[in-house]
């Protein structure tokens, strides 16, 4: 697994967009649960290994009574399974959306940064990447450590003063844009809104699409990664910003 904990974001190649007359170099960022992954992998694990009360905690989160960070920690703290059991279950039951691998291969061939940005836990994201033979993709997520006392969580990307909210996807987008990248972002949930507000090109579905529409944030409909692949290809090869 390649974590993004130290924000080791590569500087763009000057030939790929930083000289006068060139467009900024692209970077591709995507949420994980229900976006890169066809399933909500966290909920797959909670259904299989979690305490039945996790549904109640999820409703409290949806009602705004607990934060996403609190919801995740409360529910995963009740899981008794070990890391290998959960990783194995992910490998057996989860998959990526169509064209995710093709987008990764394209980005690799073109030296375009591509990374997962998630409020989820790193070990299950890494499990699915390993299943499909994808190695070296940075993961900006929650670092989960298995200890005799249970899971310990480390949040490496909070906004200063907002550590109680956990990681900020918007902060990760900001860091890429600060390096000069033109950011393509895909997401589905409310936690992706702050990233969508900052990204240059947004692919959205479900809750994020609704919120982008309400806030007049331009976005493209997302069901799989084919449209995103075409947009990145068009921008990278022809210097066009997707319409």
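Counting 0.36 nm for each residue step from residue 101 to residue 70 and taking away their Cα separation leaves a gain of 7.9 nm.
Kirkwood radius and radius of gyration were both taken over the C-alpha atoms of region 47-199, and their ratio Rg/Rh is 0.96.
Listed from fewest to most Cβ neighbours within 10 Å, the set 236, 95, 168 follows the order 95, 236, 168. Taking the chain as a Gaussian network of alpha-carbon nodes connected by springs under 10 Å, the highest mean-square fluctuation of the residues 154, 226, 216 belongs to 216. Neighbour counts of C-beta atoms inside 10 Å place 222, 49 in the sequence 49, 222, starting with the fewest.
Spacing of the modelled spin labels on residue 83 and residue 146, each 7 Å from Cα toward Cβ, amounts to 0.7 nm. I want the antiparallel fraction of DSSP beta bridges within the chain, as a percent rounded to 5. Approximately 25 percent, going by the DSSP bridge assignments.
Taking other Cβ atoms within 10 Å as a rough exposure proxy, 121, 45 sort from fewest to most as 121, 45. Here the gap between residue 56 and residue 165, fully extended at 0.36 nm per residue and compared with their Cα-Cα distance, gives a gain of 37.2 nm. The label-point distance for residue 221 and residue 131, in a model that sets each label 7 Å from Cα toward Cβ, rounds to 2.7 nm. Label positions at residue 108 and residue 63, each projected 7 Å from the Cα along the C-beta direction, are separated by 4.7 nm. Our note on the geometry: Cα centres of region 118-170 and region 75-94, 15 Å apart. Entry note, the chain: relative contact order of 24 percent, from Cα contacts under 8 Å with a spacing of 6+ residues.
For the chain, the longest principal axis of the alpha carbon atoms and the long axis of helix 100-110 meet at an angle near 40°. Fully extending the segment from residue 38 to residue 214 would add 60.9 nm, taking 0.36 nm per residue of separation and subtracting the current Cα-Cα distance.
Quick note: the coordinates plus some simple rules give every number you see, no bench work behind them. All values reported here derive from a predicted model rather than from experimental measurement. Glycine also receives a Cβ, built like all others from the backbone with ideal geometry; neighbour counts cover every protein chain displayed.
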